[in-house]
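Chemist: I am attaching a structure below and will ask some questions about it afterwards.
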Amino acid sequence: MAPEKQQRAYGLLMFLVVVLLLGAQFVLQYTLRQASDELISVKTSLSSDERTLNAQRSLNDRYKNFQQIVSGQAGTDRKFPVNGHELYTAVSKVLTDYGIDFSNSTSNIEVQPGATFTLQITILSGQYYNVIKALAAIRESGYIMRISQLSLTAEGTGVVKGRMSIVSTAQAQS
């Protein structure tokens, strides 16, 4: 072969090698980009699945706690009040401790053991944050009860007025 033809053949061969290497580089970059996109998709899906799993675990734990309370295996620190007076005394102490003015009316707190009764606080007045803290303290008082009605209206800077009803059951005689 003539040196000119040989140079062209080497040039063509080098061109094909460069095109082949560029093509291989393009294919590798495309494959890496696809793998990266797929990895991101899998991580996103995994994160979503973990959040769902955590939510399901939390719901399951709450359900188990509820079942223990219903079956009487938990909540031993919570009890039914002996009567309405006992609950009223506990609630009034909490409200007084938080500086909340209140009055009680039309409550049927004289009840038979095992009977349901309602404690109504008809006038409730105090600083908003103190009322919220008092509600939390009432909830943590250790008695089994339910606030069945609560209404608050703003009366001024940070002051609220309202009313609430608490429903509970008198402790049954053993």
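Yes or no, residue by residue, for (1) of a type in the set (Gly, Ala, Ser); (2) outside the structural domain of Lys93 (by TED's automatic domain parsing); (3) assigned to a strand (DSSP E or B):
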{"residue": "Gln120", "(1), (2), (3)": "no, no, yes"}
{"residue": "Ile132", "(1), (2), (3)": "no, no, no"}
{"residue": "Ile138", "(1), (2), (3)": "no, no, no"}
{"residue": "Ser141", "(1), (2), (3)": "yes, no, no"}
{"residue": "Leu152", "(1), (2), (3)": "no, no, yes"}
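Chemist: Suppose the filter is in contact with a Phe, Trp or Tyr (Cβ under 8 Å, 6 or more places away or on another chain) and at pLDDT below 85; does Ser107 pass it? If you could, list the steps in order and put the result at the bottom.
Modeler: Values: in contact with a Phe, Trp or Tyr (Cβ under 8 Å, 6 or more places away or on another chain): yes; at pLDDT below 85: yes.
Answer is yes for this residue.
Chemist: Counting just the residues of the range 110-135 that are surrounded by fewer than 12 Cβ atoms within 10 Å (Cβ to Cβ) and not charged (D, E, K, R), which one comes out modelled with the highest pLDDT? Write out each step before concluding.
Modeler: Step one: filter the range 110-135 for residues surrounded by fewer than 12 Cβ atoms within 10 Å (Cβ to Cβ), giving 110, 112, 114, 116, 129.
Remaining after also requiring not charged (D, E, K, R): 112, 114, 116, 129.
Numbers: Gln112: 75, Gly114: 77, Thr116: 82, Tyr129: 91.
Among those residues, the one meeting the criterion is Tyr129.
Chemist: What's the number of the only condition in (1) modelled with pLDDT of 80 or more; (2) of a type outside the set (Phe, Trp, Tyr); (3) surrounded by 15 or more Cβ atoms within 10 Å (Cβ to Cβ) that Gly156 fails to meet?
Modeler: (3)
The values are calculated or read from the model by the stated rules, or taken from the named source; none is laboratory data. Not measured: the values here are computed from a predicted model. We place every Cβ from the backbone using ideal geometry, glycine too, and count neighbours over all the protein chains shown.
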